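Single-structure report; data block below.
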Amino acid sequence: MNHKVIIIEGIPGSGKTTFSNLIYNHLKENNIKANLYNEGDLHPIDLAWCSIINEKDFEYLLNKYDKYSQDIKKHTRKLDNEYITAYTKVRVDDSDIQFYKDYEKYEIYRTNNLDTFKNAHLKLWKRLEKSDDVYIFECIYLQNHINELILKHNLSTNDIIKYMNELIDTIKDFNPIVFYLKPKDINHTIKNVADLRRSDNPLYKDWIDLVIEYFENTKYGKELGYIGYEGALKYFKDRVRIEEKVLESLSVSNYILDMDHNYDEVLEEIIKLLEKDEQ
């Protein structure tokens, strides 16, 4: 396959995880080797839900949580002098719930320094290893980066476009292709995903309440009008608008897919586009 990197993007509830798996299964059925990475995995180029820790602090936490040390190591890789751990993949006893808070402190998403955030990702993207296999990446390009660029740094659309182009230019040799899942009705999509992600445990907040809380507590969330449920809808509409402009600017293959169709039709379209680009 010509495209060695397939990227699936879209707002929450658009079907990113579902279509990542559908594409992976399609490639596998056609004897095309592929590696699928979802958000939060120990990832070649993404750092969502991962800690980045120096050797001294890593050893300290390894000793502190000694009974989980093998599982921690299983979900850790070393990059230069730092250890990247997909800590949410480690399962701990309820009595050790502090584990997640200890590792969370070392997330790159905790930084307010744009250069630190950007350079940590660029280092990974530039080191993506060439392989005969295809990489399928869900939610690693537009969503998480643009969240930061809007909510923490209030960058202009032009500056966001520049940032996003610099990022994807690092993997041009992989001939990446981006599929953007665009729902026809954003209001309906967010309402649907909010209903689906209600917490069964009264001790835990619903997904939409956590999203609203996150927006309102970021540096520019309230200033930009992202307050309450209506503010959350405004944010997702603003993000879609910006993401479409980013896609228009890219020199790599990208397609916006109308999610008003059923999933079988959308998958068929994706397969046709992949085959078309093979010709």
Query - Phi to ³J(HN,Hα) by Karplus 6.51 cos²θ - 1.76 cosθ + 1.60 over segment 244-255, Hz, x for Gly, Pro - result: 5, 5, 4, 4, 4, 8, 6, 8, 9, 4, 8, 9
Report task. Multiply the residue separation of LYS276 and GLU244 by 0.36 nm, subtract the distance between their alpha-carbon atoms, and state the gained length in nm to one decimal. Result -> 9.3 nm
Query raised in the report: In percent, how large is the relative contact order of the chain, given Cα pairs closer than 8 Å and 6 or more residues apart?
Result: 27
Report summary line: Excluding ligands, DNA and RNA, the carbon-plus-sulfur percentage of the accessible area of the chain with a 1.4 Å probe reads 44
Report task. Please give the contour-minus-distance gain from ASP115 to ASN81: 0.36 nm per residue of separation, less the Cα-Cα distance, rounded to one decimal in nm. Result -> 10.3 nm
Query raised in the report: With each label point set 7 Å from Cα along the Cα-Cβ vector, what nm distance links LYS123 and GLU107?
Result: 1.9
Query raised in the report: Any idea of the accessible area per residue across segment 1-86, 1.4 Å probe, to the nearest Å²?
Result: 47
Query raised in the report: What are the semi-axes of the equivalent ellipsoid of segment 74-167, taken as the square roots of 5 times the eigenvalues of the Cα gyration tensor, listed largest first and rounded to whole Å?
Result: 26, 20, 13
Requested in this report: Express in whole angstrom the spacing between the alpha-carbon centres of segment 100-166 and segment 205-243.
Outcome: 19
Report task. Compute, for TRP125, the solvent-accessible surface of its heavy atoms (probe 1.4 Å) with the complete set of protein chains present, and express it in square angstrom to the nearest 10. Result -> 0
Report summary line: Expected field for THR189, accessible surface area in Å² at 1.4 Å probe radius, rounded to 10, holds 20
**Report entry** Pairwise label distance in nanometres, LYS184 with LEU233, each label 7 Å out on the Cα-Cβ vector
**Finding:** 1.8
Query - DSSP loop GluC sites (Glu not before Pro) with at most 14 other Cβ within 10 Å: longest gap in the chain - result: 1-128
Query raised in the report: Given segment 1-150 reduced to its alpha-carbon atoms as identical point scatterers, what log10 I(q)/I(0) does the Debye formula return at q = 0.10, 0.14, 0.21 Å⁻¹?
Result: -0.40, -0.76, -1.34
Report task. Take every Cα pair under 8 Å in segment 88-244 that's 6+ residues apart, average their separations, divide by the length, and report that relative contact order as a whole percent. Result -> 19
Query raised in the report: What label, among (i) 56, 47, 43; (ii) 70, 62, 41; (iii) 54, 46, 37, belongs to Cα extents along the principal axes in Å computed from the structure on display?
Result: (iii)
Report summary line: Regression test value, accessible area per residue of segment 96-217, probe 1.4 Å, units Å², expected 51
Requested in this report: Can you figure out the FRET efficiency of ASN201 with ASN63, using R₀ = 30 Å and their beta-carbon distance, to the nearest 0.05?
Outcome: 0.45
Query raised in the report: Between HIS26 and GLN98, 0.36 nm times their residue separation minus their Cα-Cα distance comes to what?
Result: 21.9 nm
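The values are calculated or read from the model by the stated rules, or taken from the named source; none is laboratory data. These figures come from a predicted structure and were not determined experimentally. Reconstructed Cβ throughout: ideal geometry from the backbone, glycine too, with neighbour counts over all protein chains shown. Side chains included, ligands, DNA and RNA excluded: accessible areas come from the protein's heavy atoms. Shrake-Rupley method; radii C 1.70, N 1.55, O 1.52, S 1.80 Å.
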